[in-house]
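Shown next, in structure tokens, is the structure this report addresses.
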Amino acid sequence: MRSPTRCTGAGPRRPRGDPGRDGPSCRRRPHRHPRPPAARGRRASRPLRDRIPYFYSDQYDVGIEYSGYAPKWDEVVFRGELDRGEFIAFWLKDERVIAGMNINVWDVNEHIQTLIRTRKPVPTNALSDPDAPLESLLDT
């Protein structure tokens, strides 16, 4: 990427390569950005380990949100009504939630991501109980 051209002196700007007879001389000077990378919109301020992979799809009558990454797991725990297509699935490794997917259940994705981020063991009977709020599992 080329550095911006800055003209020195008074008078109108001339095109690059044509300083003109009496006009200011235009030359290239390096331009340094005054703000750090995080302030320029890059996500350098948030550590990579805190970012949870996320995928969603909302097609026809099915809404899906998947958070986490589970290449290997020990157990999958289901919560909700599988027959009606409204449930949450949790992938566990060493009794810790490593991924979660909610299908036609809304406003739970932040709780799922928090369960993944905390990396604490969670009892499977509490995960599968639809009457126990997900917020209560964050305290265990």
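Please treat every number below as a calculation from the coordinates, not as lab data. The shown structure was predicted, so the numbers you read here are calculated from the model rather than taken from an experiment. All Cβ positions, even for glycine, are placed from backbone atoms using ideal geometry, and neighbour counts span all protein chains on display.
Can you give me the ranges of the helices (runs of 4 or more DSSP H) entirely in region 60-138 with at least 2 residues that are in contact with a His (Cβ under 7 Å, 6 or more places away or on another chain) and touching a residue at least 24 places away in the same chain (Cβ under 8 Å)? I'd like the intermediate steps shown before the answer.
Details: elements: 109-118, 124-128, 134-137.
Counting at least 2 such residues, we get 134-137.
Based on what the data block shows, is GLU110 surrounded by fewer than 16 Cβ atoms within 10 Å (Cβ to Cβ) and over 24 Å from GLU81 (Cβ atoms)? Walk me through it before giving the result.
Working: surrounded by fewer than 16 Cβ atoms within 10 Å (Cβ to Cβ): yes; over 24 Å from GLU81 (Cβ atoms): no.
Considered against the rule, which asks whether it is surrounded by fewer than 16 Cβ atoms within 10 Å (Cβ to Cβ) and over 24 Å from GLU81 (Cβ atoms), GLU110 comes out as no.
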